[in-house]
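Sharing a structure here in structure tokens format.
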Amino acid sequence: SEKLRTGKKAQITDDFMIIARIESLILDKGMDDAVERAIAYVAAGADGIMIHSRLKEPDEVLEFCKIFRSKFSDTPLICVPTGYNKITDTALGEAGFNVVIHANHLLRAAYPAMYRTSEKILRFDRSKEVDEDCLSIKEILTLIPES
């Protein structure tokens with residue numbers, strides 16, 4: 001909480017937010033500890049709360065969300081459903097979450113694609129065979145903003 005208070009004192013713009021990350025559920029400290037920390041962090045000035053769970057079902061974070069929302073209706077609440085990814089973003093939003101972070105999924109998807117592309121280039125001794133798997137140079141150039 002002291003770090004949060006210090007961070008808020010140093011804040012010079014409303015465009016910057018401090019989100020407090022709660023690891024209580026991952027560390028098996030329980031729901032009471034998670035809620036106690038959330039209350040303390042919001043009181044210390046946290047602009048939002050991010051809750052984590054390592055369970056494969058969303059029940060734990062949904063319970064946290066319900067308790068948290070009963071105390072704080074407007075404080076942003078963030079979840080990272082890496083393990084409990086069967087639940088939809090819509091369902092998480094309807095439960096009361098404001099932000100859903102799919103942590104590292106784009107990077108985790110990119111690596112196998114790069115690996116397969118590298119294998120093909122090595123196998124065929126050229127890159128012609130990977131053309132259909134790649135964006136064209138023309139498409140790449142459309143992603144670069146004009147100066």
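Residue separation times 0.36 nm, minus the C-alpha to C-alpha distance between Cys134 and Glu2: what's the value? Numbers along the way, then the final one.
Numbers: separation 132, 0.36 × 132 = 47.52 nm, distance 4.86 nm.
In short, 42.7 nm is gained.
Turning to a different aspect of this structure: Keeping every protein chain present and rolling a 1.4 Å probe, give me the accessible area per residue for the chain in Å². Intermediate results must be reported in sequence, preceding the final value.
On the way: 10360 Å² over 147 residues.
Result: 70 Å² per residue.
Here is a follow-up. To the nearest 10 degrees, how steeply does helix 59-71 sit against the main Cα axis of the chain, on a 0 to 90 scale?
Taking the Cα atoms of the chain, the angle to 59-71 is about 50 degrees.
So how far apart, in nm, are the two label points at Phe124 and Ala40 if each is 7 Å from Cα heading toward Cβ?
5.8
OK, next. Could you work out which residue, out of Arg69, Arg37, Arg108, moves most in a Gaussian network model of the chain, that is, has the largest mean-square fluctuation with Cα springs under 10 Å?
Checking each option, the largest mean-square fluctuation is seen for Arg108.
Any idea what Rg and Dmax come out to for the chain if you just take the C-alpha atoms, in Å?
Reported Rg and Dmax, both Å: 21.1, 62.
Between Leu27 and Asp14, what length comes free when the chain is fully extended (0.36 nm per residue of separation minus the Cα-Cα distance, one decimal in nm)? Walk me through the numbers on the way to the answer.
Working: separation 13, 0.36 × 13 = 4.68 nm, distance 3.22 nm.
That pair, Leu27 and Asp14, stretches by 1.5 nm at full extension.
Using a Förster distance of 22 angstrom, determine the FRET efficiency expected from the C-beta separation of Lys56 and Leu107, and round it to 0.05. It would help to have the intermediate numbers written out before the result.
Working: r = 22 Å, r/R0 = 0.98.
Given R0 = 22 Å and the Cβ-Cβ separation, E is 0.55.
The values are calculated or read from the model by the stated rules, or taken from the named source; none is laboratory data. What you see is a predicted model; the values in this text were computed from it and never measured. All Cβ positions, even for glycine, are placed from backbone atoms using ideal geometry, and neighbour counts span all protein chains on display. Surface accessibility is based on the protein's heavy atoms, side chains included, excluding ligands, DNA and RNA. Shrake-Rupley method; radii C 1.70, N 1.55, O 1.52, S 1.80 Å.
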